[in-house]
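There's a structure below that I have some questions on.
The values are calculated or read from the model by the stated rules, or taken from the named source; none is laboratory data. For clarity, every value in this text was computed on a predicted model and none was experimentally measured. Please note: Cβ atoms are built from the backbone with ideal geometry, for glycine as well, and neighbour counts cover all protein chains shown.
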Amino acid sequence: MQKVVGFVVGIVVLLPLASFAQESRSEVSLQGTGLFTSSTNGNGTSYSATESGGVLGTYRYHLKHRISVEAAYGYTVNSQKYSFDAFRIQSGVHQLTGSLVLNLPSRPSSRISPYVIVGAGALMFDPTGSQFNLPGAQLQTKGVFVYGVGADYAMSKHISLRAEYRGLLYTTPDFGLGGLATNNLTHTAMPSIGVAFRF
């Protein structure tokens, strides 16, 4: 009798643990991106940036069915242009952000899962060794506000195609060269497409 009770108790304890272990809460993605930055001006200086392609990697953890948290890293190389292209600084741009993801309702039978993103982080502008760069340009970090929308299309239980739009809002970089400071905000539109893996 004690063996039977022990067996039943063991099943009652282990079944919920097993089902919890099978629940896929983590997700990673790899996306190809485009970056399109708005021009702005201030303090007598104009600012713009060349269009570029890049990569974005994310890790997303699903806290609940509708709410997730996400860490993201992105990278591109482009040129920051000042005074109507009189001066350029080519730089690698590193994007490090943390976001809250709200998973929007969809039909149970639908393969499409839409979501919205809001978060913050940092953009690091790291001048390359280009001979055309202004001398004295230094690595500079700027705070960034992130928002976006996207959707996953489930190919299987663990693999989805992802299409996404992110907007980045930040103060223009000056690389430690005060004459390049606009003290204005600019906006980068960042559409992307890629693959997400859930595990």
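Results for (1) surrounded by fewer than 14 Cβ atoms within 10 Å (Cβ to Cβ); (2) assigned to a strand (DSSP E or B); (3) hydrophobic (A, V, I, L, M, F, W, C), shown as yes or no for each residue.
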{"site": "Val77", "(1), (2), (3)": "no, yes, yes"}
{"site": "Gly92", "(1), (2), (3)": "no, yes, no"}
{"site": "Pro105", "(1), (2), (3)": "yes, no, no"}
{"site": "Ser113", "(1), (2), (3)": "no, yes, no"}
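Just checking, how many residues over segment 103-138 are more than 13 Å from Asp152 (Cα to Cα) and either small (Gly, Ala, Ser) or in contact (Cβ under 8 Å) with a residue 24 or more places away in the chain (or both)?
Adding up the residues that qualify gives 21.
Of the residues Gly194, Gly121, only one is over 12 Å from the mean Cα position of the chain (by Cα) and in a strand (DSSP E or B); which?
On the way: Gly121 fails: over 12 Å from the mean Cα position of the chain (by Cα).
Sole residue among the options that is over 12 Å from the mean Cα position of the chain (by Cα) and in a strand (DSSP E or B): Gly194.
In segment 141-158, what count of residues is obtained for those that are over 19 Å from the mean Cα position of the chain (by Cα) and either assigned to a strand (DSSP E or B) or of a type outside the set (A, V, I, L, M, F, W, C) (or both)?
The total comes to 4.
Any idea which residue in segment 72-128 is nearest to Ala196 (Cα to Cα), counting only those that are of a type in the set (Val, Ile, Thr) and in contact with a Phe, Trp or Tyr (Cβ under 9 Å, 6 or more places away or on another chain)?
Ile112
Return the residues of segment 129-152 that are loosely packed, with under 14 Cβ neighbours inside 10 Å, modelled with pLDDT of 95 or more and either acidic (Asp, Glu) or in contact with a Ser or Thr (Cβ under 9 Å, 6 or more places away or on another chain) (or both); say none if nothing qualifies.
If the condition is that a residue be loosely packed, with under 14 Cβ neighbours inside 10 Å, modelled with pLDDT of 95 or more and either acidic (Asp, Glu) or in contact with a Ser or Thr (Cβ under 9 Å, 6 or more places away or on another chain) (or both), then Gly143 is the only one that fits.
If Leu180 satisfies every condition in (1) farther than 18 Å from Leu35 by Cα; (2) surrounded by 14 or more Cβ atoms within 10 Å (Cβ to Cβ); (3) within 13 Å of the chain's Cα centre (by Cα); (4) not basic (Lys, Arg) but one, which is the exception?
So Leu180 meets the others, but not (3).
Just checking, how many residues over segment 63-90 are modelled with pLDDT of 95 or more and either on the phi > 0 side of the Ramachandran plot or within 19 Å of the chain's Cα centre (by Cα) (or both)?
Number satisfying all stated conditions: 13.
Given the options Leu161, Leu168, name the one that is aliphatic (A, V, I, L, M) and either part of a loop (DSSP other than H, G, I, E, B) or in contact (Cβ under 8 Å) with a residue 40 or more places away in the chain (or both). Don't jump to the end; show me each part of the working.
Numbers: Leu161 fails: either part of a loop (DSSP other than H, G, I, E, B) or in contact (Cβ under 8 Å) with a residue 40 or more places away in the chain (or both).
Checking each option against the conditions leaves just Leu168.
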